[in-house]
Amino acid sequence: MKGTIAGMNRHLLGLKEIDANDILSILDRAAYWEQASRRSDVLEGKFVANLFFEKSTRTRFSFEIAERRLGAVPLAFSAEISSVGKGESVYDTLKTFEALGVDAAVVRLPWSGLLADIAGRIRYPIVNAGDGVNEHPTQALLDIYTIRRHFGEVRGLTVAMIGDIRHSRVARSNLWGLTKLGAKVLFCAPPNMRAAELAEFAPYVPIEEALRADVVMALRVQFERHEGRLVQSPEEYRSAYGLTEERVSAMAPHAIVMHPGPVNRNVEIDDAVVEHPRSKIFAQMAAGVPVRMAVLERALA
Ligand code: CP
């Protein structure tokens, strides 16, 4: 089974490594969990360690709610007050939780690549909650879930992602997931925020063309990942790439606005657009719980 390491674990490390059927079965199962905010005891007695080595609000707490709704026991972990502060490595931290008998772990790391390396040496399933600029598979799943819920079908849609593609794990996971389900992906970014290695999978287009897409997804300018100054000023960025009310009014009448959050209001997206009738930003957040329930169930049940 794809996404399984050595036939034992149902890791979810990225959407690049799983197939369309696997993605669709997670989305279908999320739709089941979404109905009337279902709860279950399907994971009763299972311990899930939420190992966040990088800051998070949406991902961390929607996983914890998902775990509780399925009857699992969430174990909160904070790198600041753990033995990481004494120099313990990520690998030794995950091995420690293996020794303690956890059933699964949700892991967020500021580095790319390390998680896949460690996952091959860990016996319990690992869910990637975002690793560096590599992947954020559950964010893309909830984005795709939101798109599918709105349009009924992903195949045939055009999804434009505007902004800091180079530093975006969300852009990468959405690219892999959306194209596997038959959508066309367009990127729009200033030259210093482009990921050259992705250009063969999605073309970079001017903002006027991006605004003609069915889904226009603004991405956060990831100031904390920038080495040097990539943006002269927030005003200059907003003027060239910001999702302003004026730009939203130029979109097709049926098109929707998305953003994975957290938002830099009035930089990549205007205040008025965050809560605009076309905005799905809060629907995306809400979808995080049922989608992560489906992912945890896939990993453990
Ligand atoms: N979208 C997202 O991953 O948000 P958090 O960093 O708050 O989890």
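The values are calculated or read from the model by the stated rules, or taken from the named source; none is laboratory data. Because the structure is a prediction, the values reported are computed rather than measured. As a convention, Cβ positions derive from the backbone with ideal geometry for all residues, glycine included, and neighbour counts pool all protein chains shown. In case anyone asks, the SASA skips ligands and DNA or RNA and just uses the protein heavy atoms, side chains included. Shrake-Rupley method; radii C 1.70, N 1.55, O 1.52, S 1.80 Å.
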Filtered residue count, the stretch 241-261, keeping only those that are open to solvent by 60 Å² or more (accessible area, probe 1.4 Å) and not in a loop (DSSP other than H, G, I, E, B): 3
Which pairs do you get when a residue that is not assigned by TED's automatic domain parsing to the domain that holds Leu142, found in the stretch 58-69, comes within reach of a residue that is charged (D, E, K, R) and within 13 Å of the ligand (Cβ to nearest atom), reach meaning Cβ atoms under 7 angstrom, with the pair 6+ apart or on two chains? Thr59/Arg108; Ser62/Arg292; Phe63/Arg292; Ala66/Arg292
More than 16 Å from the ligand (Cβ to nearest atom) and open to solvent by 60 Å² or more (accessible area, probe 1.4 Å) - does that describe any residue in the stretch 48-61? no
Every pair of residues 6+ apart whose Cβ atoms lie under 6 Å, when the first sits in the stretch 251-270 and is at positive phi while the second is open to solvent by 10 Å² or more (accessible area, probe 1.4 Å): Gly261/Arg58
Could you grab me the full set of residues in the stretch 138-184 that are touching a Ser or Thr at 6+ places or on another chain (Cβ under 6 Å) and either closer than 28 Å to Leu109 by Cβ or crowded, with 21+ Cβ neighbours inside 10 Å (or both)? Ala140
Counting only residues that are farther than 21 Å from Lys16 by Cα and among the polar types (S, T, N, Q), the stretch 165-218 contains a total of 1
Please work out if Glu224 is in a helix (DSSP H, G or I), of a type outside the set (Ser, Thr, Tyr) and open to solvent by 70 Å² or more (accessible area, probe 1.4 Å). yes
Can you tell me which residue in the stretch 28-47 is nearest to the ligand (Cβ to nearest atom), limited to those that are within 21 Å of His150 (Cα to Cα) and in contact with a helix residue (DSSP H, G or I) (Cβ under 6 Å, 6 or more places away or on another chain)? Ala30
Tell me, please, whether a residue that is at pLDDT below 95, polar (S, T, N, Q) and farther than 25 Å from Lys95 by Cβ can be found in the stretch 22-39. yes
Residue hits (the stretch 262-288; open to solvent by 20 Å² or more (accessible area, probe 1.4 Å) and within 14 Å of the ligand (Cβ to nearest atom)) are Pro262, Val263, Asn264, Lys280, Phe282, Ala283, Met285, Ala286
State yes or no: is Glu34 buried (at least 16 other Cβ atoms within 10 Å of the Cβ), over 18 Å from Leu115 (Cα atoms) and either in the same structural domain as Ile122 (by TED's automatic domain parsing) or touching a residue at least 40 places away in the same chain (Cβ under 8 Å) (or both)? yes
Run Val73 past the list (1) away from the ligand (no atom under 16 Å from the Cβ); (2) within 21 Å of Gly177 (Cα to Cα); (3) surrounded by 12 or more Cβ atoms within 10 Å (Cβ to Cβ) and report the number of the one that doesn't hold. (2)
